[in-house]
Amino acid sequence: MPFNIVLVEPEIPNNTGNIGRLALATGSNLHIVKPLGFEIDDTRLKRAGLDYWQHLQVIYYDNIESFLAINKNAHLIYLSSHGTKSHWEIPFKDNMFLVFGKESVGLSKSLIESNSDSLFKIPLFSEHVRSLNLANAVGIVVYEGLKHLR
């Protein structure tokens, strides 16, 4: 598997569905950390994931503590607009975990502070944009990583 895409408390079913389709297209696993801002059987999730969802490897966690405990030895990279290093500097490796926060507020302050060495951002070149759509951000980082692995 090229990557493990981790969504921490996703809120928008359409984003999660699109990210699921991206995960399948790139041979990645999708990890979803609860609580979710929607029901997993939401029609918007299914519509965005179309008929691909049943082919996708999805791993669910009850909370961030559970995710971190189970994956304590994994190579985790965190993506946040609060990062100081660009996603172009990520030392991509096969099977690494790319951790993204929820749409409204991103990653928690505690995750950001405790993982500053592995915290990256996608550069924005306009002061009028606060952040990118989550599905777009995941796509940018995953395909940049695939470029490095290939």
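The numbers here are math on the coordinates, done by the rules we state, and not lab data. Worth saying up front: this structure is predicted, and the values here are computed from it rather than measured. When we count neighbours, we look across all protein chains shown, and the Cβ atoms used for this are built from the backbone with ideal geometry, even at glycine.
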LYS85's amide H: which non-local residues (gap 5+, or another chain) put their own amide H closer than 5 Å, with H modeled 1.01 Å from N in plane and none for Pro or chain starts?
LYS121
Theoretical gain in end-to-end length, ASP94 to GLU39 [0.36 nm per residue, Cα-Cα removed]
16.7 nm
According to a simple spin-label model (label point 7 Å from Cα along Cα-to-Cβ), what is the distance in nm between LYS72 and LEU124?
3.6
Lysine pairs meeting the criterion (Cα under 30 Å, 8 or more apart or interchain), as found in segment 3-149:
29
For segment 105-120, in residue order, the Karplus 3J(HN,Hα) values (coefficients 6.51, -1.76, 1.60; θ = phi - 60°; whole Hz; Gly and Pro = x) are 9, x, 7, 5, 4, 5, 5, 4, 5, 7, 10, 4, 5, 10, 10, 10
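Going highest first, how would you order 31-37, 136-142 by mean Cβ packing within 10 Å?
Values: 31-37: 18.0, 136-142: 19.6.
Going from most to least packed, we get 136-142, 31-37.
Expressed as cubic angstrom per residue, what is the convex hull volume of the alpha carbon set of the chain? Before the final figure, lay out each step's value.
Values: hull volume 16.5 nm³, N = 150.
Normalising the Cα hull of the chain by residue number yields 110 Å³.
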